[in-house]
Amino acid sequence: MTPPSIRLFNTMTMQKELLEPAVPGEVGVYVCGPTTYSYIHIGNARTFTSFDVVVRYLRHRGMKVRYVRNYTDVDDKIIKAAAETGETAVELSARYVEIFREDARALHLLEPDVSPKVSEHIPEIIGIIQKLVDKGHAYASQGDVYFSVSSDPDYAKLSKRNLDDLCVGERVQPGEQKREPLDFALWKAAKPGEPAWESPWGPGRPGWHIECSAMSARYLGESFDIHGGALDLIFPHHENEIAQSESASGKPFAKYWMHCGFLDLEGAKMSKSLGNVVRLRDALGKVDPEALRFFFLSTHYRHPLSFTDKGLADAEARMEYFYETLRKVDERVAGKDFGKGPVHGEPHRFFTEFEAAMDDDFNTAGALGSLSGLFVLMNELADKPPVKDKPLVGRTLQALREDVRKASSVLGLFEDDPAQWLLRRRERAVRERGIDVAEVERLIGERTAARAAKDFAAADRVRATLKEKGVDIMDTPAGTTWKVAPAHGG
Ligand SMILES: [Zn+2]
C-alpha cells in the first residue's frame, strides 16, 4: 500500500510539504498544553480542537500516532494564583488539571497518549540543562541558569526575527542575573514559599521553555515529526525550545511546525486585561459541544477566526440539520438488509473529496463542504417515498451513512445518537425561549385527534397556534415530533 500523501504547512519553511515521518507510518506529535492556573478560554479550545483533528485524521489514514500534550503545572502564574486562593501551587494546579480534563472530554477531545506534567519530569529537565551547561550553551549565575542566545548561530530560525531588532529596547531587568538581554532562564533559584527542587545549582524550579524540550525528548525522542501550538507561541517559546533542544542534542528537533491561527471576540482581540475572555466552560453552557467544534472546524486552522453569537447560532442550526438528516436516514435504513446490488450514482465520491481536502493541510473547511453535498443527497434519498427502488435507495443510504461514520471519527462530530442529540438541543431551546412543553404536547394531542376525525381545518389551526409559540411540528412514520423554530426566522 502506498503511504497517504498528506501535505502540511510547515512554519519553519513557510511552505506546504509532504508529510514524511522519520519512521514510515509512525508519527510523533507534540502539542504545547495548558498552563493549569485557570480555566482555558475558547482560543485555547480552538487550538486543541485543531490538533485533535490532525491526530484523528492521521490515524484515519492508517498512521500510528503517538500524541503528547503536556501540562505546565509549574509556573509563575500558578504561584501567583495560589497566593490569591490560599491553596498551595500544587493543589491549585492539580485542581485545574482536573477542570481541563472535564472541559476536554466535554469538547470530545481525545485523551493524548501521554500527558506529562512538569512537576513529574524535573530529573529530565535538570539533565538537559546540565548538558547545555557542559556544552557551553548555558551558564549558572547566582542560583539561576540561563541559555546563552549568542551561543546558538541558528537562533530565531523559526520566527525569522532579526537578532539586532530583538535586542532593541531589551534590558536585563533588576533581579535577573543574565549576561545578555536575550538570554532566557532555564532554571530559576527558589524564592521563599515557592515550590522548589534540588539541583546542581541549588534549590529552584525550571523556566517555562525547557519543559517542552525535556518532555518531548523523553516521549518522542530528540528528533520527532510534528510540533504544534498556537501562533503566539512561535516567539519566544518555540524558538527557545528549538535552541535548547538542538544545542543539547546536536540533532534537528521537530521536522514540521504547525501553528493554529488567532481567535478574536466579535472582531476584538481577547485579552485578560480587557476582561473580554470567554472561558470554554462558559461557552459550553450556551452552545452544544459539537456545534462549537463545527464552528471551529468551519474555518481552516491557520486562518483567523472571529467568535460571534451569530457564528455559533449558525453552527448549531447546521448541526441540527445534520442530526435531523441522520435521524431520518437511521429510521429508514438502520439494521435493515437491502441485499447486494447496485447503488445510486457514486455515493463515495463525497468522502473521496473529504479526504482530498484533509490531505491538503487538514483543510476541514473544504472537508465540511464535501460533507454538505453528502447530506444533500442523503436528504433527497431519504425523502423519496419507499417505492419499488427501495433496495437501491436503501443500499445507497447505507453507503452514505457509513461514510458519515468515518467522517465522524475524523472530526469528532455526529458522535451522538441523533434522537438524543435533537432532544438535548430541544430542551436547551425550550429553556432559553420559555416554552411550555406540557401545553405543546396537549396541542399536538388535539391535532392528532382532529386529524383522526378528518377535521383538517382544526388540525391546521393547531399547527398555526404552535407556530406562533415558536414550535414547528413534523409528521414522521414514527408519529408527530416537534422542535423549537429558529429564533431569527433563519
Ligand atoms: Zn511548549
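The values are calculated or read from the model by the stated rules, or taken from the named source; none is laboratory data. Since the structure is predicted, the reported quantities are computational estimates derived from the model, not experimental observations. Counting neighbours? That spans all protein chains shown, and the Cβs are built from the backbone with ideal geometry, glycine included.
Taking every residue in segment 226-242 that is closer than 11 Å to residue 157 by Cα and pairing it with any residue that is more than 9 Å from the ligand (Cβ to nearest atom) and of a type in the set (S, T, N, Q), at least 6 positions away or on another chain, the pairs with Cβ-Cβ distances below 6 Å are 234/159; 235/159; 239/159.
Could you please find all residues in segment 79-102 being farther than 15 Å from residue 193 by Cα and surrounded by fewer than 19 Cβ atoms within 10 Å (Cβ to Cβ)? Correct list: 94, 95, 97, 98, 99, 101, 102. Residues of segment 143-188 that are without any contact (Cβ under 8 Å) to a residue 12 or more places away in the chain and among the hydrophobic types (A, V, I, L, M, F, W, C): 168, 172.
For segment 78-121, the candidate set comprises residues that are of a type in the set (Asp, Glu) and assigned to a loop (DSSP other than H, G, I, E, B); within that set, the residue that is farthest from residue 31 (Cα to Cα) is 87. Is it true that some residue in segment 147-169 is farther than 19 Å from residue 239 by Cβ and not charged (D, E, K, R)? Scanning segment 147-169 turns up no residue that is farther than 19 Å from residue 239 by Cβ and not charged (D, E, K, R).
Contact map, segment 33-54: first residue within 19 Å of residue 212 (Cβ to Cβ), second residue of a type in the set (A, V, I, L, M) and part of a helix (DSSP H, G or I), Cβ cut-off under 6 Å, separation 6 or more or different chains; pairs are 36/97; 37/78; 37/81; 40/280.
Every residue, every condition in (1) at positive phi; (2) not β-branched (Val, Ile, Thr), yes or no:
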{"position": "76", "(1), (2)": "no, yes"}
{"position": "90", "(1), (2)": "no, no"}
{"position": "99", "(1), (2)": "no, no"}
{"position": "111", "(1), (2)": "no, yes"}
{"position": "118", "(1), (2)": "no, no"}
{"position": "129", "(1), (2)": "no, no"}
{"position": "136", "(1), (2)": "yes, yes"}
{"position": "141", "(1), (2)": "no, yes"}
{"position": "145", "(1), (2)": "no, no"}
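Here are some residues: 440, 410. Which one is farther than 28 Å from residue 294 by Cα, in a helix (DSSP H, G or I) and of a type in the set (A, V, I, L, M, F, W, C)? Among 440, 410, only 440 is farther than 28 Å from residue 294 by Cα, in a helix (DSSP H, G or I) and of a type in the set (A, V, I, L, M, F, W, C). Restricting to segment 180-225, and then to whatever is among the aliphatic types (A, V, I, L, M) and within 16 Å of the ligand (Cβ to nearest atom), can you tell me which residue is farthest from residue 152 (Cα to Cα)? Per the criteria, the residue is 220. Based on this model, can you work out whether residue 74 counts as within 16 Å of the chain's Cα centre (by Cα) and among the β-branched types (Val, Ile, Thr)? So residue 74 fails the test. Tally time: how many residues in segment 26-50 are within 16 Å of the ligand (Cβ to nearest atom), farther than 22 Å from residue 82 by Cα and out of contact with any Leu (no Cβ under 7 Å at 6 or more places or on another chain)? Here the count works out to 4. Would you confirm whether any residue within segment 399-407 is in the same structural domain as residue 341 (by TED's automatic domain parsing), over 14 Å from residue 338 (Cβ atoms), under 24 Å from the mean Cα position of the chain (by Cα) and hydrophobic (A, V, I, L, M, F, W, C)? Yes, segment 399-407 has at least one match.
Counting only helices (runs of 4 or more DSSP H) wholly contained in segment 234-346, the ones carrying 2 or more residues that are among the hydroxyl-bearing types (Ser, Thr, Tyr) and either more than 16 Å from the ligand (Cβ to nearest atom) or in contact with a Cys (Cβ under 7 Å, 6 or more places away or on another chain) (or both) occupy 239-249, 309-333.
Please go through segment 457-490 and pick out each residue that is loosely packed, with under 14 Cβ neighbours inside 10 Å, outside any helix (DSSP H, G or I) and among the small types (Gly, Ala, Ser). Once the filter is applied, which keeps residues that are loosely packed, with under 14 Cβ neighbours inside 10 Å, outside any helix (DSSP H, G or I) and among the small types (Gly, Ala, Ser), segment 457-490 yields 478, 479, 487, 489, 490.
Scanning segment 172-226 for residues being outside any strand (DSSP E or B), among the β-branched types (Val, Ile, Thr) and at pLDDT 95 or above gives a total of 1. The single condition among (1) crowded, with 20+ Cβ neighbours inside 10 Å; (2) at pLDDT 95 or above; (3) of a type in the set (D, E, K, R) that residue 332 does not satisfy is (2).
For first residues located in segment 345-359 and within 16 Å of residue 58 (Cα to Cα), partners that are outside any helix (DSSP H, G or I) and lie 6+ apart or on another chain with Cβ distances below 7 Å form the pairs 357/363; 359/4; 359/5; 359/6; 359/7. Suppose the filter is surrounded by 16 or more Cβ atoms within 10 Å (Cβ to Cβ), out of contact with any Cys (no Cβ under 6 Å at 6 or more places or on another chain) and assigned by TED's automatic domain parsing to the domain that holds residue 325; does residue 382 pass it? Criteria met by residue 382. Somewhere in segment 61-81, is a residue charged (D, E, K, R), in contact with an Asp or Glu (Cβ under 7 Å, 6 or more places away or on another chain), more than 16 Å from the ligand (Cβ to nearest atom) and modelled with pLDDT of 95 or more? Taking every residue of segment 61-81 in turn, at least one turns out to be charged (D, E, K, R), in contact with an Asp or Glu (Cβ under 7 Å, 6 or more places away or on another chain), more than 16 Å from the ligand (Cβ to nearest atom) and modelled with pLDDT of 95 or more.
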